[in-house]
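For reference, the structure is listed below as structure tokens.
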Amino acid sequence: MKIADADSAENNSGSSHVVVTPLSCALPNRRVDGPKGSGEERLKILPGTLLHSICGGEDDSEQYYCNYGVNEEYEKQFQSAGLRVSARGILGETRAVELSGHRFFIATLFQPQLSSRPEAPHRFLLAFLRAAMRFRKTRAKKSRPARR
């Protein structure tokens, strides 16, 4: 985004460009004694995104455990830098962004590990592992000497 002092409110750096801010309100199904962003939230996954292809549709529900979110005042700058919003919360808030054209650059506020189990890994984690395996195979092919 070419903002030299971009920061998160979690760091208390005094930056004038805080792109990650405290959540203004709690999720509707907030966990007892949990942070504002704890529990489950319905999401709208935007069509044409990698996240949409991973989730298999536009409607999703994910788990959270945090107190911070994206400062919506920076959305246009995210887009100008190549980050595309790929998921929104029930009130239209940014819940995930991705870098178009990258093999797997997705940043989420939801935490897939919270709903992942050994016998049923979260589809997001499986997609990441598949992308890593494809990258490894591609890299291995490039490093092999050519046969004559």
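The values are calculated or read from the model by the stated rules, or taken from the named source; none is laboratory data. Predicted model, so just to flag it, every value in this text is computed and none were measured. Ideal geometry is used to build each Cβ from the backbone, glycine not excepted, and the neighbour counts take in all protein chains shown. When the accessible area is computed, the model is the full protein with side chains, heavy atoms only, and any ligands, DNA or RNA have been set aside. Shrake-Rupley method; radii C 1.70, N 1.55, O 1.52, S 1.80 Å.
Please state which one of 38, 24, 53, 61 is assigned to a strand (DSSP E or B), of a type in the set (S, T, N, Q), out of contact with any Phe, Trp or Tyr (no Cβ under 6 Å at 6 or more places or on another chain) and at negative phi.
61
Go through segment 1-24 and count every residue that is over 18 Å from the mean Cα position of the chain (by Cα) and open to solvent by 50 Å² or more (accessible area, probe 1.4 Å).
Here the count works out to 10.
So, in segment 89-111, how many residues would count as being buried (at least 19 other Cβ atoms within 10 Å of the Cβ) and of a type in the set (A, V, I, L, M)?
Going through segment 89-111 one residue at a time, the tally reaches 4.
Which residue pairs have Cβ atoms under 6 Å apart, sit 6 or more places apart or on different chains, and have a first residue in segment 60-87 that is among the charged types (D, E, K, R) and a second that is open to solvent by less than 50 Å² (accessible area, probe 1.4 Å) and part of a strand (DSSP E or B)?
Every condition considered, the pairs that remain are 60/43; 60/45; 62/43; 84/98.
If I filter segment 112-123 for residues that are assigned to a helix (DSSP H, G or I), farther than 22 Å from residue 44 by Cα and either open to solvent by 40 Å² or more (accessible area, probe 1.4 Å) or not aromatic (Phe, Trp, Tyr) (or both), do I get at least one hit?
No, because not a single residue in segment 112-123 is assigned to a helix (DSSP H, G or I), farther than 22 Å from residue 44 by Cα and either open to solvent by 40 Å² or more (accessible area, probe 1.4 Å) or not aromatic (Phe, Trp, Tyr) (or both).
Sort out which residues of segment 25-35 are open to solvent by 50 Å² or more (accessible area, probe 1.4 Å) and either closer than 14 Å to residue 63 by Cβ or in contact with a strand residue (DSSP E or B) (Cβ under 8 Å, 6 or more places away or on another chain) (or both), and write them in order of number.
Hits for segment 25-35 are 28, 29, 30, 31.
List the number of the failed condition for residue 38; all other conditions in (1) open to solvent by 30 Å² or more (accessible area, probe 1.4 Å); (2) free of Cβ contacts under 8 Å to residues at least 40 places away in the same chain hold.
Evaluating residue 38 over (1) open to solvent by 30 Å² or more (accessible area, probe 1.4 Å); (2) free of Cβ contacts under 8 Å to residues at least 40 places away in the same chain leaves (1) as the failure.
Residues that are open to solvent by 50 Å² or more (accessible area, probe 1.4 Å), of a type in the set (S, T, N, Q), in contact with a helix residue (DSSP H, G or I) (Cβ under 9 Å, 6 or more places away or on another chain) and over 29 Å from residue 10 (Cα atoms): does segment 48-64 have at least one?
There is at least one residue in segment 48-64 that is open to solvent by 50 Å² or more (accessible area, probe 1.4 Å), of a type in the set (S, T, N, Q), in contact with a helix residue (DSSP H, G or I) (Cβ under 9 Å, 6 or more places away or on another chain) and over 29 Å from residue 10 (Cα atoms).
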